[in-house]
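The values are calculated or read from the model by the stated rules, or taken from the named source; none is laboratory data. All values derive from a computational prediction rather than experimental measurement. Neighbour counts are summed over all protein chains in view; Cβ atoms, including those assigned to glycine, are modelled from backbone coordinates with ideal geometry. Just so you know, the surface numbers come from the protein's heavy atoms only, side chains and all, with ligands and any DNA or RNA stripped out. Shrake-Rupley method; radii C 1.70, N 1.55, O 1.52, S 1.80 Å.
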Amino acid sequence: MTVDVRQTVLDRCSYGLYIVTSHMDGKLNGQISDALMQITAFPPKVAVSINKTELTHDYIMASGVFGVSILAQDADLPFIGLFGFKSGREIDKLSQVEYKIGETGSPLVLDHSTSVFDAKVFDTADLGTHTLFMADVVSAEVLQEHARVLTYRYYTINLKGKVPKNAPSYHEEESVAVAKGGASGKYACDVCGYVYDPAKGDPNAGIAPGTLFEELPDDWICPICGVGKDQFSPVIEAVLPSGKQVCDVCGYIYDPAKGDASAEIEAGTSFDDLPDDWVCPICGVGKESFSPIL
């Protein structure tokens, strides 16, 4: 699959990461969203895009209200995974976090949040797979004045998080096998990208360091998204001969057969022979952010 430069560019838009919540018939639910924005200042109005298959979508459609928690950078992958990769049809997400009920009746998640607000929907737009909810902000509160806000880019680059398939910003990753060194026995979750490392085990599940993936209990699940062992794949770790290298950040592929004309790198120049100050022509990172391709 060829990397779509349109998505590469859109990935550089400044998105935040939020928990969007709502309620229906006395039940509460929430999910991660990166598709929320302010649309007017006077009075303050926002819009959020929610996939029609999500339970939160049904709750907002029914109640006409939603709550938003603006996440801070201290949010970790297990916390994000609770709202991003697990379904409210199967678990009670809110029972596992601290929250309060807002003015609209929606739960406002307090854990790892810089601020929270309540909103009342005044219009919707059908976007095909998603509904765009436009809403008036009816109440708001700052929880952490100086906390850094968690962004989509920080989540994907620094935390190495994956994007759920129902998210508006989701795009299929290029199918490449990345070489990372010698054999390790690591396994990667096919759903969320969590990597089980035998050297570390899974202390939260009582799995001691040194436990091989094959030795994990049959009922062990991914600590991020909750899927079973059958949805993990071995991390391919072999030195591969193609000579191509993929950018870990944006997916650009350096092909020695083509070189990099924009940087006056001639065709036939191996990756190892590139100047030390050469950077990815798409996102600008250095050679250390590239990995060999199968």
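So that you can scan it fast, the table gives a plain yes or no per residue for (1) farther than 27 Å from residue 76 by Cβ; (2) acidic (Asp, Glu); (3) surrounded by 12 or more Cβ atoms within 10 Å (Cβ to Cβ):
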| site | (1), (2), (3) |
| --- | --- |
| 208 | no, no, no |
| 218 | no, yes, no |
| 225 | no, no, yes |
| 235 | no, no, yes |
| 244 | yes, no, yes |
| 255 | yes, yes, yes |
| 264 | yes, yes, no |
Quiz item: Hey, among 122, 133, which residue is surrounded by 16 or more Cβ atoms within 10 Å (Cβ to Cβ), over 19 Å from the mean Cα position of the chain (by Cα) and either closer than 22 Å to residue 193 by Cβ or in contact (Cβ under 8 Å) with a residue 40 or more places away in the chain (or both)?
Solution: 133
Practice problem: Could you grab the pairs with beta carbons closer than 6 Å, sequence gap of 6+ or different chains, first residue in the stretch 5-26 and more than 21 Å from residue 135 (Cα to Cα), second one of a type in the set (Phe, Trp, Tyr) and open to solvent by 40 Å² or more (accessible area, probe 1.4 Å)? | Solution: none
Self-check item: Residue list for the stretch 266-294, restricted to those being aliphatic (A, V, I, L, M), part of a loop (DSSP other than H, G, I, E, B) and open to solvent by 60 Å² or more (accessible area, probe 1.4 Å)
Solution: 267, 282, 294
Practice problem: Only residues that are within 18 Å of the chain's Cα centre (by Cα), in a loop (DSSP other than H, G, I, E, B) and at pLDDT below 95: list them for the stretch 81-114, please. | Solution: 85, 86, 87
Self-check item: residue 191 touching a helix residue (DSSP H, G or I) at 6+ places or on another chain (Cβ under 9 Å), modelled with pLDDT of 80 or more and either of a type in the set (Ser, Thr, Tyr) or open to solvent by 50 Å² or more (accessible area, probe 1.4 Å) (or both)
Solution: yes
Exercise. Determine if the stretch 180-188 includes at least one residue that is open to solvent by 50 Å² or more (accessible area, probe 1.4 Å), at pLDDT below 65 and not basic (Lys, Arg).
Key: yes
Quiz item: How many residues does the stretch 260-283 hold that are touching a Cys at 6+ places or on another chain (Cβ under 9 Å) and of a type outside the set (Val, Ile, Thr)?
Solution: 2
Quiz item: From 5, 20, which residue is closer than 16 Å to residue 150 by Cβ and either among the basic types (Lys, Arg) or within 21 Å of the chain's Cα centre (by Cα) (or both)?
Solution: 20
